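See structure below.
The values are calculated or read from the model by the stated rules, or taken from the named source; none is laboratory data. In this text, all values refer to a predicted model and were calculated from it rather than measured experimentally. Note that we place each Cβ from the backbone using ideal geometry, even for glycine, and neighbour counts take in every protein chain shown. For the accessible areas, the whole protein counts, side chains as well, though only heavy atoms, and no ligand, DNA or RNA atoms are used. Shrake-Rupley method; radii C 1.70, N 1.55, O 1.52, S 1.80 Å.
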Amino acid sequence: MDHDGHGTGTDLPPFTFSRALEFSPDAVFLTGCLAALALYAWGVLRLRHRGDSWSPGRPVAFAAGVLSIAAVTCTGLNDYGMVLFNAHMTQHMVISMVSPILLLLGAPVTLLLRALPTAGRGRRGARELLVALLQSHVVRVVSSPLFTIPLFVASLYGLYFTPLFDFLMGSRPGHVAMMLHFLAVGLVFFWPIMGVDPGPHRAGHLMRMLELFATMPFHAFFGIALMMASEPMVDTFADPPASLGVHPVDDQSAAGGMAWAFSEIPTVIVLLALVIQWYFSEQRTARRTDRVADRTGDRDLAEYNAYLASLHSRG
């Protein structure tokens with residue numbers, strides 16, 4: 001084992017799918033995944049104990065999101081991600097573009113708001129603190145597209161094409177911090193776009209689609225830049241261990257292809273979710289309009305009948 005707690009590159013056999021799935025837990029992410037599942041389960045059980053309903057699809061989506069994080073941080077993929085650009089990029093793409101979408105489809109903030117008890121008049125408990133946080137100026141700024149889009153783009157170019165990436169990859173804490181950063185950026189970026197949980201910025205469905213498309217050219221160009229480069233662009237992966245039998249440029253090209261592909265797949269998932277939300281939103285609006293029209297029609301009919309009755313009484 002090396003200084004960062006991973007197996008050294010020289011004792012890693014060639015990268016295969018089966019070896020990538022071998023259980024190799026990271027203490028930080030394993031603990032976090034178990035804690036997230038436990039907290040979510042507590043919220044669902046609390047609602048059911050009160051007799052409140054909770055869509056069964058949401059726990060499934062949230063659990064899938066947690067499992068996707070564990071799949072790239074608590075398996076052999078995490079070990080290979082320290083020495084292979086392709087493996088590392090798989091981690092990055094899943095934890096920043098797949099896991100956040102699945103977690104947000106689980107509506108964890110809504111669940112907490114419904115499950116946490118109210119502190120009472122004049123008191124501030126966990127629920128009140130969460131509401132205050134959601135309404136704070138900091139969250140308004142962080143969830144604005146003027147912040148989320150540049151942050152998402154900077155996480156690609158400002159990290160991989162600067163010495164910061166090599167510095168973070170030099171130690172286990174740095175690698176963990178990088179993965180946590182990828183997850184946080186994905187959550188911050190997709191949170192206002194998904195629109196499942198409450199938040200300060202809730203643009204229309206069309207505007208949210210435009211926010212999603214705004215990052216696609218930058219993401220695609222990043223992947224193409226890696227694929228087309230004729231020499232290693234990142235020092236960390238410039239000299240892979242001989243035991244892996246991989247050429248650094250080929251490894252980098254595969255990583256670029258992974259980045260380019262993942263700019264398309266999550267986009268389709270999010271667009272599908274937005275279209276479904278848009279459809280049901282229009283259906284709810286139509287039902288409300290019909291109810292108002294029905295009430296207005298009933299009132300007009302009652303007034304007309306009263307008018308006829310008054311004429312009859314005068315006659």
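Here's the yes/no breakdown for (1) closer than 22 Å to Phe85 by Cβ; (2) touching a residue at least 40 places away in the same chain (Cβ under 8 Å); (3) open to solvent by 50 Å² or more (accessible area, probe 1.4 Å):
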site: His175; (1), (2), (3): yes, yes, no
site: Phe182; (1), (2), (3): yes, yes, no
site: Phe190; (1), (2), (3): no, yes, no
site: Ile193; (1), (2), (3): no, yes, no
site: Arg202; (1), (2), (3): no, no, yes
site: Leu210; (1), (2), (3): no, no, yes
site: Thr215; (1), (2), (3): yes, yes, no
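Having 1 or more residues that are more than 20 Å from Ala261 (Cβ to Cβ) is the bar; report the helices (runs of 4 or more DSSP H) wholly within segment 44-94 that clear it.
57-73, 76-80
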Odd one out for Phe218, checked against (1) modelled with pLDDT of 90 or more; (2) under 21 Å from Leu164 (Cα atoms)
(1)
Of all residues in segment 21-42, how many are more than 19 Å from Val176 (Cβ to Cβ) and either touching a Phe, Trp or Tyr at 6+ places or on another chain (Cβ under 6 Å) or modelled with pLDDT of 95 or more (or both)?
6
Looking across segment 230-258 at residues that are of a type in the set (Gly, Ala, Ser) and under 21 Å from Leu164 (Cβ atoms), the single one that is surrounded by the most Cβ atoms within 10 Å (Cβ to Cβ) is Ala255
In the list Leu77, Leu112, Leu37, which residue meets the criterion of being out of contact with any Pro (no Cβ under 9 Å at 6 or more places or on another chain), surrounded by 13 or more Cβ atoms within 10 Å (Cβ to Cβ), in contact (Cβ under 8 Å) with a residue 12 or more places away in the chain and closer than 21 Å to Gly195 by Cα?
Leu112
Can you tell me which residue is nearest to the chain's Cα centre (by Cα) among those in segment 145-167 that are open to solvent by less than 40 Å² (accessible area, probe 1.4 Å) and among the small types (Gly, Ala, Ser)?
Ser155
Of all residues in segment 184-195, which are assigned to a helix (DSSP H, G or I) and either small (Gly, Ala, Ser) or over 20 Å from Met216 (Cα atoms) (or both)?
Ala184, Gly186
Which of the residues spanning segment 121-153 are out of contact with any helix residue (DSSP H, G or I) (no Cβ under 9 Å at 6 or more places or on another chain) and closer than 20 Å to Leu210 by Cβ?
Arg140, Leu146, Pro150
Residue list for segment 48-60, restricted to those being open to solvent by less than 50 Å² (accessible area, probe 1.4 Å) and at pLDDT below 95:
Trp54, Gly57
Sole exception among (1) under 25 Å from Ala115 (Cβ atoms); (2) surrounded by 15 or more Cβ atoms within 10 Å (Cβ to Cβ); (3) free of Cβ contacts under 8 Å to residues at least 40 places away in the same chain for Leu133, by number:
(2)
Test result for Leu212, in a helix (DSSP H, G or I) and either at pLDDT below 90 or basic (Lys, Arg) (or both):
yes
